[in-house]
Amino acid sequence: MNWFDFLVLIGSMLGIALYGVWHTRDTRDLTSYLKGDHTVSWFAIGVSVMATQASAVTFISMPGQGYESGITFVQNYFGLPLALILVSVAFLPIYRSLGVYTAYEYLGRRFDARTRRLGAGLFLIQRGLAAGFTIYAPGIILSSMLAWRLDLTIVFSGLLCTLYTVAGGSRAVSLTQRHQMAIISGAMCVAFALVLAKLPRELSLSDALTIAGGMGKLDGVSFSVDPKARYTFWSGLLGGFFLSLSYFGTDQSQVQRYLTGGSLRESRMGLMFNAVLKIPMQFFILFLGVLLFLFYQFQAPPVVFNQLAWRTLAGADADAARTGFDRRFAEVHAKKRDRLAAWLAARHRGDAAAEAAQRDGALAAQKELDAVRGEARKALLVGPNAKASDSDYVFVTFVLSQLPHGVIGLLIAAFIAATLQSKAAELNALGSATTVDIYRDIVVRDASDEHYVAATRWFTLMWGLVAIAFALSANMAENLIQAVNIVGSIFYGVVLALFLVALFLPRVGGTAVFWGALAAQALVFVLYATLDIGYLWFNVIGCLACMGFSLAIQLFVPPEVRA
Amino acid sequence: MSDDSTGLPWPRTWPGVYRLVIVFFVVDVVLLLVLKASYP
């Protein structure tokens, strides 16, 4: 990075933060602080909902997923459009007509205060953990890009984001997310165009897709019924449906985004905007990873993408080992490149037998490359960054080594913007749920709006500091994007069931659903520890178990009279 | 249901948008299948 990159980076970041704070400097009452005055248009809501879900993990880790496993991860989002339709039909009108600040207030009105606190509590635990992930994940990558210390990167981005969320509240989050999303989209499109431009000139689009398909990178739909398979059409449609329904329907960080809508119609349009665009957007990012894979078929990649960890081990022995791995890796890579050229030549001649043979040869060479890489990682990777999946560094390495100055600054600004926008929405939601569902409900009941706005600011600050502390002490899981989804899947099913029981099982009362939820959550913990199945299924299990338990318990408790 | 005032049922003034969302989803899946089949 040079001075021009830093200028682009700092200018765009500070500009957006100051814009958000300036525009919302007069916010005094709780409604506009938490719900943004109901003035936000459908487009702004749509972008805000999308930005809240898309953290830096999405833009850094997802191209790495595409590089390693192709576009198969896109199936994770198959349940999302249907879930958003149900949210907009069933959940949204009720939240709006009851005029709630948080989703859990609805549980309090439908059941009792205890169930409301349970819902809010599960949200706070789950989202509080995820807030640490969303700041830690890009932290390790940004620190290697900027060559800053990891703790400083986390503290810098964490504080910047906490301060403008505290200052502006929900409206500031929506306002700034629009601009951050514009920077991110622009930067990703530029990166996409540049990867395309850097592919060999003689490689046609059809040749490129042939190689990608032959190497198993274009398997976007799998109808396998193996429950252990992580991403299939069925797990994506069913598990993804429950995950998305819970996330968009009951997670305060999302509910708060679409409650800022000027009308029910605006909020719905914002959700439908996401229902249409989410799958193409994820495909685009994964396909960027496939293009990176193609680029590195013709240009040798580093043995290990995580260069900071690769260079950590010092001494003559380590240097000699690195040189040895570099040499072996380059030899196998050259062999694979020759195979690919022969494969394409056979294809152009129409020689099917030779094409199949050369393709098998290229696949074998790819396996050999992976083996050398695995050996190198085992032998030489040490330090705090060593555990993180190497695929998370693929895109970062490409950006730093292949793109022109200015674009590097823009992309790093995009990564930081993505961290800030999803973090800001989470903090905002954590602060408001703590104030409305815990503080106002239990501690101070009848105070002025100024008092609650001040309390929300303090709780937002507190959660910001908790997330920074968690991120500073976290020992990172191996795969970032999966870690976030796994934590969500463990809690989301039960939280969703609380709302589904409230909406669709009118006979079930507060006592039954409260104990049903606790039993179902315990069951999910036990099954997670003992069963080896794709994690998306825990959303389904938690949800169905909670609904079933609630119904069963209701048979033994007297029906409750609702106000 | 066309405004904030009523309860749960399927909103009568909105099915067009929901249908459009489902059509887009089906088209997405079909395109992914075509891509997979064209470049096995």
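No value in this document is a laboratory result; all are computed from the given coordinates. On a predicted model such as this, the values are computed, not experimentally measured, just so you know. Because the Cβ atoms are built from the backbone with ideal geometry, glycine has one as well, and the counts that use them run over all protein chains shown.
Data overview
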item	result
Taking chain A and dividing mean pair separation by its residue count, relative contact order in percent (alpha carbons under 8 Å, at least six apart)	32
Förster radius 45 Å - calculated FRET efficiency between A:D360 and A:S185 (Cβ-Cβ, nearest 0.05)	0.70
FRET efficiency, 1/(1 + (r/R0)^6) with R0 60 Å, evaluated for A:D446 and A:D319 via beta carbons	0.30
Positive-end residue, the protein assembly as shown charge dipole about Cα centroid, Cβ charges, pick of A:P558, A:W515, A:I60	A:P558
Positive dipole terminus of the protein assembly as shown, leading residue within A:A371, A:G220, A:Q307 (C-beta point charges)	A:G220
Linear extension gain, A:D151 paired with A:A352, 0.36 nm per residue minus alpha-carbon span	66.9 nm
Per-pair calculated FRET efficiency, R0 = 51 Å: A:W3 and A:S263 via Cβ, rounded to 0.05	0.60
The protein assembly as shown - mean residue ellipticity at 222 nm from DSSP helices (-39,500 (n - 2.57) per run, n ≥ 4, rounded to 500)	-25000 deg cm²/dmol
Prolate/oblate/rounded label for the stretch A:297-395 (Cα gyration tensor, a/c 1.5)	prolate
Mean Cβ count within 10 Å, highest first, over the residues of peptides A:331-344, A:256-269	A:256-269, A:331-344
Packing-based ranking, highest mean first, of A:305-312, A:148-155 given that Cβ atoms within 10 Å are counted	A:305-312, A:148-155
Shielding by partners - mean other protein chain Cβ count within 10 Å, residues of A:87-100	3
The stretch A:297-395: relative contact order as a whole-number percent, Cα under 8 Å and 6+ apart	46
Against the rule of thumb 2.2 N^0.38 Å, how large the Cα Rg of chain A comes out	1.01
Positive-end extreme of charge dipole, the stretch A:263-355 - chosen from A:A316, A:F273, A:L292 (charges on Cβ)	A:F273
Label-point separation, A:I10 to A:S41 (7 Å along Cα→Cβ), nm	3.4
Assigned charges on the beta-carbon of Lys, Arg, Asp, Glu; the protein assembly as shown dipole about Cα centre (debye)	360
